[in-house]
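> Dumping the structure here so I can ask a few things about it.
The values are calculated or read from the model by the stated rules, or taken from the named source; none is laboratory data. Please read these numbers as outputs of a predicted model, since none were measured by experiment. Because the Cβ atoms are built from the backbone with ideal geometry, glycine has one as well, and the counts that use them run over all protein chains shown.
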């Protein structure tokens, strides 16, 4: 074997593995309802698709600048200014092949061996492995539904050492939908400023906010916070453009320059046609975004209400994203056909086998005793899926 030690320390994405298993069963003719992947079931808005077709027909199919086109960077700068009250220059923006690629570039650009990065759990599954690939040490700080899955200032201060270099804030969160208020972000930012920490702010679900909650970026808190924050966003979730693979980072020009150098030696520029489509997404009409957000909120309200009526399940109502993260710890220890279901992974396997629904165990996100369900699927499938889940527990 000639594998590097770093690659032997990581594992495949569990969310994609669950989705692959569901699709495998579907290919066998078994009707499986998947609550697994975080992918909007809506089509990309027509004006965005039209702009891509126009790009192809006009011959916009050649290499582009590594960090993205001037037009798209200007659209991102305008978006951050008008929607988030944040000012950036062209050399403080990089466009990458999805927000996941943006985050990977950040980790490679800022971390040295043995650097520590604070990661609140539940976390998006790729954060710890990206840290390991960069030689860094993920410091996992647990939260739970009692504190609404939010890391506290006290918990942050309790794990800071001389090796701590950064903290990751994912708001709205995957997998919980938890979203930090401006006041909560101010407290976190003040700690980071005092301790000279970088802030990696994953804001990919920014547009999916429910009720009266107002989205805030931690970079808005103060000039000092902005100076140490890397804002990561993209078009995948908001515009139903997951397959187009366009994400972006805004931050200090020295880090953006380093990320551009890394990208120039790996992928080079993102897909030229997708760059045009993303420019149209940010500059064009936004009615489709609100339509999708409203529908997601209806689904969220339904699935939370249904889950909370099932004995042994407790589910918070999330402020954002399109996931619920119910506590299923009271279901563990129960038996089926003489076999005891002891873990969330075993319960997820039981649901797949008996209810023909795919969910992701909370342990994949560093939070055993929970499961994640995505409601980025039709209301009809949600109703049938929750019916099947409920019946499988009777």
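> Every residue in segment 345-355 that is farther than 15 Å from residue 394 by Cα and touching a residue at least 24 places away in the same chain (Cβ under 8 Å), please.
Hits for segment 345-355 are 348, 352.
> Pull up segment 40-74, narrow it to residues that are assigned to a loop (DSSP other than H, G, I, E, B) and touching a strand residue (DSSP E or B) at 6+ places or on another chain (Cβ under 6 Å), then point me to the one that is nearest to residue 243 (Cα to Cα). Steps first, please.
Of segment 40-74, the ones assigned to a loop (DSSP other than H, G, I, E, B) are 40-45, 58-69.
Then keep just the ones that are touching a strand residue (DSSP E or B) at 6+ places or on another chain (Cβ under 6 Å); that gives 67-68.
Values: 67: 19, 68: 17 Å.
Here the answer is 68.
> Taking residue 87 and the conditions (1) in contact (Cβ under 8 Å) with a residue 12 or more places away in the chain; (2) assigned by TED's automatic domain parsing to the domain that holds residue 267; (3) part of a loop (DSSP other than H, G, I, E, B), which numbered condition does it fall short on, given that it satisfies the others?
Checking residue 87 against (1) in contact (Cβ under 8 Å) with a residue 12 or more places away in the chain; (2) assigned by TED's automatic domain parsing to the domain that holds residue 267; (3) part of a loop (DSSP other than H, G, I, E, B), the one that fails is (1).
> Filter the strands (runs of 3 or more DSSP E) completely within segment 229-344 down to those with at least 1 residues that are in contact with a strand residue (DSSP E or B) (Cβ under 6 Å, 6 or more places away or on another chain), within 30 Å of residue 191 (Cα to Cα) and free of Cβ contacts under 8 Å to residues at least 60 places away in the same chain.
Those strands (runs of 3 or more DSSP E) span 229-234.
> Is it the case that residue 273 is farther than 24 Å from residue 41 by Cα and surrounded by fewer than 22 Cβ atoms within 10 Å (Cβ to Cβ)?
Numbers: farther than 24 Å from residue 41 by Cα: no; surrounded by fewer than 22 Cβ atoms within 10 Å (Cβ to Cβ): yes.
No, not satisfied.
> Identify, from the list 105, 91, 9, 84, the residue that is within 27 Å of residue 260 (Cα to Cα), at pLDDT below 95 and in contact with a helix residue (DSSP H, G or I) (Cβ under 7 Å, 6 or more places away or on another chain).
9
> Within segment 380-392, identify whether any single residue is surrounded by 17 or more Cβ atoms within 10 Å (Cβ to Cβ) and assigned to a loop (DSSP other than H, G, I, E, B), and answer yes or no.
Within segment 380-392, none of the residues are surrounded by 17 or more Cβ atoms within 10 Å (Cβ to Cβ) and assigned to a loop (DSSP other than H, G, I, E, B).
> Taking the residues in segment 207-220 that are without any contact (Cβ under 8 Å) to a residue 60 or more places away in the chain and part of a loop (DSSP other than H, G, I, E, B) as candidates, determine which candidate is nearest to the chain's Cα centre (by Cα).
Taking the candidates together, the pick is 216.
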